[in-house]
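S.K.: If you scroll down you'll find the structure; I have some questions about it.
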Amino acid sequence: MSGTRARRPSRALVQGCLLLTLLAACTEGGTDSPSPTAGTQAPGPIIVASGLDVTGSGGVRQQLIAEWNRQHEDEPALRAQLVELPGGADQQRSQLLGALQSGSAAYDLVNLDVTWIPEFAEAGLIQALPGPDVEDPDVIPEVLSTTRWKSRTYALPFNTDVGLLYYREDLIEQSGINENRQPTGDWSWQNLYDSIATLGSAQPDGDEPEKGWTTQLAPYEGLTVNVMDAFAAVDVQLASADGRYTATPDTLKRGLKEFLTHVDDNRTLRPRALTSDEDATLDDFAQGRVAYMRNWPYAFGALQSRLAPEQYAVVPLPGRSVLGGQNLAVSAASPRSAAARELLAFLTGPRSERCLLDAGFAATRLSSYSSEKTGSPTCWEAVAEALRPGTATGDPAAREGSARIPSARERSEYIGSIRRALEEAVQRPRTPYYGAFTRALQSTVHGLLTEESPDLDAAAEQLDEALGEAFAGR
């Protein structure tokens, strides 16, 4: 495919133009690939800095950049290049902060974790997008709100993420659990506890899992997310929208009590879970050590290489889950900011979002979750071909996404679960001092998990003091 072919704008593309007004880049024809913006700028390529594309070296992010380049093969100034940063999320954040603060790397677009937007915006490292702050009805509202700080929009949602409840259908069936104990999209945490109790009492000798469920309790961001899931279940808020600390020892005690109930030793795979990240919990689930698991959407595709389709399924987590994901922002020091905004619009447009969903990421647009028969956009043809099973080079057990495409039935159920979970999801605290916040939370909570008889009053007082300092930037 070379260049952009003329076509009538679909409903999804018209909706996309509402968001593109932020970029002053939605052209009269309503195409996904706007014409170059007038003005002087440095020659290309447009450099996109991101964490490793965990769908592989030929994964979906690289394929989207390749599609952009195909559409602009005769426009050298608009060529793009993806630069992948090694290491985990904390290391990537440090690399991006150092590079943007020093000007040592000429990054034009940066792919930021949703929790980093206030920090990078407050430091003046990313540009506020031009134009009016408008709503795009095609973008999930809570996801879109992660792009804002102090009433200004600094990014556009690239891919989102949300916690899901995976369950082993085979283990549940052989335990004799009746139909009203099967997981559903409106389960409460008590429903999960009751099912785990039934599972433990009914399983045949020698075949039972070690424990009912597992989740990520190692002292890293996975632990923070699990705590925030529990806090959301009892409506504990830590901060206002502008980053002002609002919790008290009493509300923190309520949240901590709920969290310890979620991960009670009688139902959670402990002590293994205390050192587990996403991949470790996925392994325990695939090995049959547990019947239930909290994990992200990537796990659905990753499990396809380890379990038969009839062995597992997925529904939204009980209650409200915490959002993850990444947003794309234009570097404040970009010498190619006009071109970068055009690439930003392309990468976050309806067809690109559909590609991300096909690859195993959670898409940010509602239209991506609709049936193609109802007008849902399709992935770019060349990108879709590269993502078909057997053509992508990525590891299917990679953390954020998978290049595998499930069957029509599996895909429909999986997509439905993601959408329902996203529409009820909540954010982690919005603060320029997020790093200090999450370290303080992890330190206190992980200590509680290792105590035989935790003192919640003392822990709540300690956490209140630590979080007060963290949110104040001290």
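Computed from the coordinates by the stated procedures, all read-outs in this text should not be read as laboratory data. Just so we're clear, the structure is a prediction, and the values are computed from it rather than from any experiment. Cβ: placed from backbone, ideal geometry, glycine included. Neighbour counts: every protein chain shown.
S.K.: So how do H72, H446 line up by other beta-carbon neighbours within 10 Å, fewest first? Could the numbers behind the result be given before it?
M.R.: Values: H72 24, H446 16.
Ascending Cβ contact count within 10 Å gives the list H446, H72.
S.K.: Can you compute 3J(HN,Hα) from phi for each residue in region 221-228, using the Karplus curve 6.51 cos²θ - 1.76 cosθ + 1.60 with θ = phi - 60°, rounded to whole Hz and x for Gly and Pro?
M.R.: 4, x, 5, 4, 4, 5, 5, 5
S.K.: Near K257, which aspartates and glutamates are there with a Cα under 16 Å away, not counting those fewer than 8 places off in the same chain?
M.R.: D229, D235, D265, E451, E452, D455, D457, E461, D464
S.K.: For region 88-98, in order, what is each residue's ³J(HN,Hα) by Karplus, 6.51 cos²θ - 1.76 cosθ + 1.60 with θ = phi - 60°, in whole Hz (x at glycine and Pro)?
M.R.: So the J values, rounded to whole Hz, are x, 4, 5, 5, 5, 4, 5, 5, 5, 4, x.
S.K.: For the pair E424 and D277, what calculated FRET efficiency results from E = 1/(1 + (r/R0)^6), where r is the Cβ-Cβ distance and R0 = 25 Å, to the nearest 0.05? Walk me through the intermediate numbers first.
M.R.: Details: r = 25 Å, r/R0 = 0.99.
E between D277 and E424, to the nearest 0.05, is 0.50.
S.K.: Using r as the Cβ-Cβ distance of E173 and S412, and R0 as 30 Å, what FRET efficiency do you calculate, to the nearest 0.05?
M.R.: On the way: r = 21 Å, r/R0 = 0.71.
With a Förster radius of 30 Å, E is 0.90.
S.K.: If you don't mind, there's one more thing I want to ask. If the chain between N191 and V83 were fully stretched, how many nm would it gain, using 0.36 nm times the residue separation less the Cα-Cα distance? Walk me through the numbers before you get to the answer.
M.R.: Values: separation 108, 0.36 × 108 = 38.88 nm, distance 4.50 nm.
Gain on extension, N191 to V83, equals 34.4 nm.
S.K.: Please list the non-local residues whose amide H lies under 5 Å from the amide H of N159, H modeled 1.01 Å from N, same-chain partners needing a gap of 5 or more.
M.R.: Hits under the 5 Å cutoff: Q326.
S.K.: Give the aspartates and glutamates whose C-alpha is closer than 13 Å to that of K150, dropping any in the same chain fewer than 8 places away, or say none.
M.R.: Qualifying aspartates and glutamates at Cα under 13 Å: E119, E122, D133, D242.
S.K.: Rounded to the nearest 0.05, what FRET efficiency is calculated for Q95 and E310 with R0 set to 35 Å and r the Cβ-Cβ distance? Working shown, then result.
M.R.: Details: r = 43 Å, r/R0 = 1.23.
For Q95 and E310, the calculated efficiency is 0.25.
S.K.: Once you place label points 7 Å from the Cα toward the Cβ at E381 and E451, how far apart are they in nm?
M.R.: 6.3
S.K.: Order these by the 10 Å Cβ neighbour count, fewest first: I196, I47. Please list the in-between numbers first.
M.R.: Numbers: I196 23, I47 20.
With the sparsest Cβ surroundings first, the list reads I47, I196.
S.K.: Something else now. Within the set of other residues whose C-beta is less than 12 Å from the C-beta of A460, count the net charge using Lys and Arg as +1 and Asp and Glu as -1.
M.R.: Values: positive: K253, R254, K257; negative: D250, D455, D457, E461, D464, E465.
After counting each charged neighbour, the total is -3.
S.K.: What does the extension gain come out to for N266 and D74, with contour length at 0.36 nm per residue minus their alpha carbon separation?
M.R.: Taking 0.36 nm per residue and subtracting the Cα distance, the gain is 62.8 nm.
S.K.: Can you put F285, F259 in order, fewest other beta carbons within 10 Å first? Display every interim value, and only then the final one.
M.R.: On the way: F285 28, F259 23.
Placing the least packed residue first, the sequence is F259, F285.
S.K.: Roughly what would the spin-label model give for K150 and Q237, points 7 Å off Cα along C-beta, in nm?
M.R.: Using points 7 Å along Cα→Cβ, the separation is 2.1 nm.
S.K.: Would you please name the GluC sites (Glu not before Pro) within region 207-276 that are DSSP coil residues with at most 16 other C-beta atoms within 10 Å of their C-beta? Provide the component values of the computation, followed by the final result.
M.R.: Numbers: sites: E210, E221, E258; in loops: E210.
Sites meeting the loop and neighbour criteria: E210.
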